Ligand SMILES: [Zn+2]
């Protein structure tokens, strides 16, 4: 039996040698929490997943905002070029309304440009 269960580690609380298999330190009676390598692998995996999902979500939000801004700026430019005073302020509202109806930003851009081209005041 000598040599089979002799692996020891150091208690992180009292720095005494304790058996590797011990769950509670025999010296200070505190719990020996030991995270295995696979636990760390899972934690790392979780962190990477969160970062990737967060990055993708950020990219989607940025792309969405850019498409929205581009559609609005284009329609406002058309309306201003035609001398419409009230329409530019209405463009953003109309853009978000169309977005809520489930239209894509390219469809919205065309609709807004058309509306801006027909505006009268
Ligand atoms: Zn201890």
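Overview of values
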quantity	calculated
Given (1) free of Cβ contacts under 8 Å to residues at least 12 places away in the same chain; (2) in a helix (DSSP H, G or I), number of the condition residue 29 does not satisfy	(2)
Qualifying position, being out of contact with any strand residue (DSSP E or B) (no Cβ under 8 Å at 6 or more places or on another chain), at pLDDT 90 or above and assigned to a loop (DSSP other than H, G, I, E, B), among 3, 102	102
Count of residues meeting criterion [farther than 11 Å from residue 115 by Cα and touching a residue at least 24 places away in the same chain (Cβ under 8 Å)] in the range 85-94	2
Residue within the range 70-86 that is modelled with pLDDT under 85, assigned to a loop (DSSP other than H, G, I, E, B) and either surrounded by 10 or more Cβ atoms within 10 Å (Cβ to Cβ) or within 16 Å of the ligand (Cβ to nearest atom) (or both) present	yes
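The values are calculated or read from the model by the stated rules, or taken from the named source; none is laboratory data. These figures come from a predicted structure and were not determined experimentally. Backbone-built Cβ (ideal geometry, glycine too); neighbour counts: all protein chains shown.
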